[in-house]
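Structure first, then comments.
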Amino acid sequence: MSKYLVFMDLDGTLLSSDHKHISVRNKAAIETLQQHDVRFYIATGRMYELAKITQNLLNPEVGLITSNGAVFDGVSGREVTLMGSKTVELAYQITQVNKLPMMLFTPEKAYFTEKIPHFIAQNAGNFDEAFGYKEIANLKELQQVAGEITNGVVLSRGDMDELEQAKAKLADSKLLRLSSSGPDNIEMIPLKTDKGTAIQQIQWEQHVDAAHTFVFGDGMNDLGMMKQAKYSVAMGNGVKTVKEQANYVTDTNEKDGIATFLENFFKDEF
């Protein structure tokens with residue numbers, strides 16, 4: 001049985017600023033603590049198959065919370081919460097007003113409704129050159145997959161007013177939970193679902209309480225999980241609100257903030 005649980009966001013937290021690499025020091029700290037019954041989880045807005053790319057940089061013992069909590073590794077297998085066809089179709093209608101790019105995800109597949117500039121998609125943390133995306137050309141095509149969607153992200157093309165208008169309409173629907181991994185996107189998640197709800201379920205399944213739980217994050221979509229751990233840790237590069245909500249602040253992702261905190265905490269324990 002695990003003594004501690006550690007949940008790590010990816011972009012801006014575990015990964016370097018290129019969104020692809022884990023430092024040698026962070027990897028070593030994780031592997032060392034895994035030998036002492038510390039269980040690690042990636043906790044990300046990325047879809048399941050895309051998050052596995054990062055998991056493969058570590059090891060299979062690292063669990064996954066993906067799609068902002070809609071898809072995660074439970075003790076009996078992968079657990080999935082869907083957005084619902086009605087919600088997905090409404091999001092499509094709202095984003096089509098100003099042709100805002102929208103990316104929609106199942107655990108294994110990804111779809112887009114408008115052509116997405118490479119740098120925007122990459123910065124949203126939902127893009128990998130080796131991963132295929134299918135275009136949704138119209139509502140009829142969307143309806144064929146709407147019942148499989150777990151989460152989505154709406155991206156700005158530079159006009160923040162358009163993004164705010166879409167966000168207001170989505171919020172008014174009361175059909176989904178909204179968050180953000182950055183100022184230029186809207187994360188869409190099923191109601192009553194976020195990284196924090198996934199952590200609660202894992203804590204219950206693993207019989208590990210908040211007093212033995214760590215979370216590391218930097219963005220607004222990490223706020224939910226900050227409430228589920230005694231050791232809620234904001235990255236030095238994190239947004240102001242996350243730093244205010246967290247119980248601790250560590251170094252930046254580029255300065256191995258996760259390893260810095262864990263090495264200091266466990267230096268006399270193991």
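Each reported figure results from applying straightforward, stated rules to the coordinates on display, with no laboratory input. Please read these numbers as outputs of a predicted model, since none were measured by experiment. Glycine gets a Cβ as well: all are built from the backbone with ideal geometry, and neighbour counts include every protein chain shown.
Relative to the longest principal axis of the Cα atoms of the chain, the long axis of helix 195-206 makes an angle of roughly 50 degrees.
The C-alpha atoms of the chain define a longest principal axis, and helix 160-173 lies at about 90 degrees to it. If you wrap the chain in the convex hull of its Cα atoms and look at it from every side, the mean projected area works out to 13.1 nm².
Close amide H partners of Gly84, meaning residues 5 or more places away or on another chain with modelled amide H under 5 Å apart, are Ile149.
Only lysines eight or more places from Lys227 in sequence, or on another chain, were considered; those with a Cα closer than 19 Å are Lys192, Lys195, Lys240, Lys243. Residues within the reach of a label modelled at Val145 (point 7 angstrom out along Cα to beta-carbon, backbone nitrogen below 20 Å), restricted to the stretch 53-86, are 53, 66-72, 80-86. Residues whose amide H lies under 5 Å from that of Phe7, counting only those 5 or more places away or on a different chain, are Tyr41, Phe214, Val215, Phe216; hydrogens are built 1.01 Å from N in the peptide plane. Averaging sequence separations of C-alpha pairs under 8 Å and six or more residues apart, then dividing by the length of the chain, give the relative contact order as a whole percent. Relative contact order for the chain comes out at 22 percent.
Along the stretch 32-40 the Karplus relation, 6.51 cos²θ - 1.76 cosθ + 1.60 evaluated at θ = phi - 60°, assigns HN-Hα couplings of 5, 6, 4, 6, 10, 6, 9, 9, 9 Hz to successive residues, with x for each Gly and Pro. Cross-link reach is defined here as a Cα-Cα straight distance under 20 Å, omitting same-chain residues fewer than 8 places apart; for Lys140 the lysines meeting it are Lys86, Lys99, Lys109, Lys115. Loop-resident trypsin sites (Lys or Arg not before Pro) (DSSP state other than H, G, I, E or B) in the stretch 145-239 with no more than 10 further Cβ atoms inside 10 Å of their Cβ: Lys174, Lys192.
Tell me which GluC sites (Glu not before Pro) from the stretch 1-67 have a DSSP coil assignment and no more than 11 other beta carbons within 10 Å of their own.
Hits after loop and neighbour filter: Glu61.
Cβ-to-Cβ counts within 10 Å put Phe216, Phe72 in ascending order as Phe72, Phe216, the fewest first. Across the stretch 6-20, coupling constants 3J(HN,Hα) worked out from phi with the 6.51/-1.76/1.60 Karplus curve, θ = phi - 60°, read 10, 10, 10, 5, 9, 5, x, 10, 7, 7, 5, 5, 7, 6, 10 Hz, and Gly and Pro carry x. Sorting the segments 102-112, 32-42 by their residues' average number of neighbouring beta-carbon atoms within 10 angstrom, most packed first, yields 102-112, 32-42.
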